[in-house]
1. Within region 115-137, track down each residue that is outside any loop (DSSP other than H, G, I, E, B), open to solvent by 20 Å² or more (accessible area, probe 1.4 Å) and under 16 Å from Val33 (Cα atoms).
2. For Leu185, indicate whether it is part of a helix (DSSP H, G or I), buried (at least 16 other Cβ atoms within 10 Å of the Cβ) and touching a helix residue (DSSP H, G or I) at 6+ places or on another chain (Cβ under 7 Å).
3. Kindly indicate whether Asp117 is among the acidic types (Asp, Glu) and without any contact (Cβ under 8 Å) to a residue 60 or more places away in the chain.
4. Check Asp35 against each of (1) more than 24 Å from Glu229 (Cα to Cα); (2) free of Cβ contacts under 8 Å to residues at least 12 places away in the same chain; (3) not hydroxyl-bearing (Ser, Thr, Tyr) and name the one condition it does not meet.
5. Return a yes/no flag: does region 220-240 have any residue that is modelled with pLDDT of 95 or more, closer than 21 Å to Arg80 by Cα and part of a loop (DSSP other than H, G, I, E, B).
6. Could you please find all residues in region 223-252 being open to solvent by less than 20 Å² (accessible area, probe 1.4 Å) and of a type in the set (Val, Ile, Thr)?
7. Could you grab me the full set of residues in region 27-58 that are open to solvent by 70 Å² or more (accessible area, probe 1.4 Å) and of a type in the set (Asp, Glu)?
8. Could you list, in sequence order, the residues of region 76-91 that are open to solvent by 10 Å² or more (accessible area, probe 1.4 Å) and part of a helix (DSSP H, G or I)?
Amino acid sequence: MGLLPEPRLRSACYGARLSGYATKQESIAIAGVDDLLIRSLRDRLQFFDPHGDAARLGISSAAWPLFGLLWPSGVQLAARIATRPVSATERILEIGCGLALASLVAHRRGADVTASDHHPLAEAFLEANLRANHLAPMKYRNGDWGAPPSSPEREGAAAAPAGAGLFDLIIGSDVLYERDANGDLARFIDLHSAGAAEVWIVDPNRGNRAAFTRHMARYGFSLREERLECPASPGVPAYRGRLLTYSRGAAP
């Protein structure tokens, strides 16, 4: 249920890993930072798993479209992280990062940020988008809060260096899309958060936030909510949701 240690050698063959998929590239404007070129899947029909990587992770063709596209909540999270002052001592983790737009924004601003996801294409897209924007390499971890106890993810967490999983700010967008009766996501967050930490979740009113908040309270996190209501603009649909801010200990 933890993050795998960062690989010592990063592959330069990201293009090969994206072969077989139809992709597109867009310029994404986030206030406060230069526009970012983001490569994504062209549409939701790009399921391609020739080596069974997704199947081994339990990702079906039906669930595949959840990855590889820019989702409105991710854009909202990126806009929010663009306004946060950068601290040289703060460590940030994005969970379920997908295309990692928020992580890219934080990275461009000089923050110490780690992106994480369990989708087999997440790192390849991250590398492609770092290169497209002429950005330095960024830390990435493979992590899945739903991993069973015997999975490689859980074993990898146990092998990680002491203190490697402690982050001051953990961020995520649209990660409450499933019921989580066992509180796996909250447990994952607790495992990787410092004693005094803050958690930002941008949620498009999915309906699972009450249960998630109860799970977070077990680990000492209190909640502050902010409604997010953005009117439609040319080419951009209206957005309605919430920024859920959980905190414990002293403010970061």
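The values are calculated or read from the model by the stated rules, or taken from the named source; none is laboratory data. Keep in mind that this is a model prediction, so the values were computed, not measured. So basically every Cβ, Gly included, is an ideal-geometry build from the backbone, and we count neighbours across all protein chains shown. SASA here: full protein model, heavy atoms, side chains in, ligands and nucleic acids out. Shrake-Rupley method; radii C 1.70, N 1.55, O 1.52, S 1.80 Å.
1. Ala132
2. So Leu185 fits the description; yes.
3. Values: among the acidic types (Asp, Glu): yes; without any contact (Cβ under 8 Å) to a residue 60 or more places away in the chain: yes.
Yes.
4. Only one criterion is unmet by Asp35, namely (1).
5. Checked against the condition, which is being modelled with pLDDT of 95 or more, closer than 21 Å to Arg80 by Cα and part of a loop (DSSP other than H, G, I, E, B), region 220-240 yields at least one hit.
6. Thr245, the sole residue that qualifies.
7. The answer is Asp34, Asp35.
8. Gln76, Ala79, Arg80
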